[in-house]
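Only the coordinates and a few stated rules stand behind these numbers; no lab work does. Small disclaimer: the values here were computed from a predicted structure and weren't measured. Because the Cβ atoms are built from the backbone with ideal geometry, glycine has one as well, and the counts that use them run over all protein chains shown.
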Amino acid sequence: MTARIIDGQQLAERMRSKIAEDVKAFQAANGYVPGLGVVLVGENPASAQYVRMKRRACESVGITSVGEYLPATATQDEVEAAVKKLNADPAVHGILVQLPLPNPLDEEAVLRAVSLEKDADGLHPINIGRLAMKGRDPLFTPATPTGCMHLLEEAGAKLEGARAVVIGRSNIVGTPMALMLMKANATVTVCHSRTRDMQNIIREADIVVAAIGKPEFVKGDWLKPGAVVIDVGTNKVDDPTDSRGYKFVGDVEFASAVEVAGAITKVPGGVGPMTITMLIANTLKAAQRGAGSAV
Ligand code: GUN
């Protein structure tokens with residue numbers, strides 16, 4: 001069997017067109033456009049690149065963005081003051097603090113300083129806490145796992161009662177992913193670097209979300225035939241056949257997995273395009289809530 005490819009690029013484009021239309025309607029109704037505030041501390045090239053892509057994506061759908069860029073030497077007070085400035089800015093409806101923050105900044109305190117109503121990245125401790133609790137709902141959920149949930153829906157995966165395995169337990173992907181799957185009534189196991197017998201755990205899974213950051217770690221013969229596989233990994237590896245000398249591969253060995261899975265995402269073109277789309281969707285949602293349109 002060859003798996004169906006879950007096309008994240010196409011889904012993201014569809015969702016972005018809808019967001020662009022909704023932004024136009026929002027502007028017509030309210031006389032202003034939604035705005036994203038971005039806090040970037042330091043000169044990490046990957047973070048700077050992500051921020052450029054996020055701001056460009058905002059522009060492409062008619063959302064404005066404001067940048068608060070601070071040097072790596074910024075103090076805790078200075079970073080929190082930048083967040084508070086965005087909290088107080090009426091043109092800013094969603095706020096993103098690009099992670100990781102340079103040492104020794106206290107990430108949790110910075111995220112806690114973000115106004116709950118503007119927490120477009122869903123990483124405020126109260127939003128994460130609500131995500132973890134039964135009967136409570138966060139105002140926003142983190143971008144990457146939210147994108148994965150849309151991809152699972154696109155694949156037609158039945159989550160209720162399904163066995164789901166999340167590989168990786170980071171604060172921004174693995175842990176909120178497991179919580180979101182649990183809220184969707186899946187039976188969830190989280191695997192990580194200390195997990196024993198990982199292959200046998202993965203073999204039981206109807207749904208596999210790989211977010212461990214190891215190139216082509218999960219092999220096709222670890223999978224249950226027909227499993228739905230979401231590959232969050234974006235690992236840069238040498239490739240002399242590529243004109244750039246490198247390429248990106250996921251955390252799943254695609255060539256073997258595609259022969260066993262029922263549906264699978266590709267890298268690139270899977271989770272990546274969805275992540276930024278979720279951030280702009282959350283920014284629009286924040287603006288709609290602020291304007292009193294219930295979302
Ligand atoms: N760094 C890498 N991915 C992310 C993300 O989704 N959100 C934030 N804030 N920082 C990141």
Completion exercise
Mean Cβ-within-10 Å packing, highest first, puts peptides 86-99, 1-14, 20-33 in the order 86-99, 1-14, 20-33
Fill in the blank from the handout: Among the stretch 16-47, those whose backbone N falls under 17 Å of a label point 7 Å along Cα→Cβ from Ala81 are 39-42
Completion exercise
Restricting to Cα pairs under 8 Å and 6 or more apart, the percent relative contact order of the stretch 1-65 works out to 37 percent
Fill in the blank from the handout: Taking alpha-carbon centroids only, the stretch 93-121 lies from the stretch 262-279 a number of Å equal to 24 Å
Handout entry: Relative contact order computed over the chain (Cα-Cα under 8 Å; 6+ residues apart), in percent
Key = 22 percent
Problem - Neighbourhood charge, 13 Å Cβ-Cβ cut-off, centred on Leu179 and excluding it, Lys, Arg +1 and Asp, Glu -1 - result: +4
Handout entry: Unit charges on C-beta of K, R, D, E only; dipole of the chain, Debye
Key = 480 debye
Practice task
Can you tell me the FRET efficiency between Met133 and Ser243 if r is taken as the Cβ-Cβ distance and R0 is 41 Å, rounded to the nearest 0.05?
Solution key: 0.25
Exercise for the section: Find how much the distance from Ala72 to Ala29 grows on full extension, using 0.36 nm per residue of separation minus their present alpha carbon separation; answer in nm with one decimal. Expected result: 11.4 nm
Problem - Given charges at beta-carbon only (K, R positive; D, E negative), |dipole| of the stretch 118-185 in Debye - result: 260 debye
Completion exercise
Filtered hits (lysines, Cα-Cα < 25 Å from Lys236, offset >= 8 within chain) -> Lys54, Lys214, Lys219, Lys247, Lys266
Exercise for the section: On a 0 to 90° scale, report how tilted helix 76-88 is relative to the longest principal axis of the chain, with both axes built from alpha carbons and the result rounded to the nearest 10. Expected result: 70 degrees
Exercise for the section: Please give the net charge around Gly156, taking every other residue with its beta carbon less than 15 angstrom from that of Gly156, where Lys and Arg add +1 and Asp and Glu add -1. Expected result: -3
Practice task
Note down the magnitude of the dipole of the stretch 68-137 about its Cα centre, charges +1 on Lys and Arg C-beta and -1 on Asp and Glu C-beta and zero elsewhere, to the nearest 20 debye.
Solution key: 320 debye
Problem - Distance between the stretch 223-238 and the stretch 140-206 - C-alpha centres, whole angstrom - result: 13 Å
Completion exercise
Cβ-Cβ cut-off under 13 Å around Arg203, Lys and Arg +1, Asp and Glu -1: the net charge is -1
Handout entry: P(r) tail fraction, the chain - alpha-carbon pairs more than 36 Å apart, %
Key = 17 percent
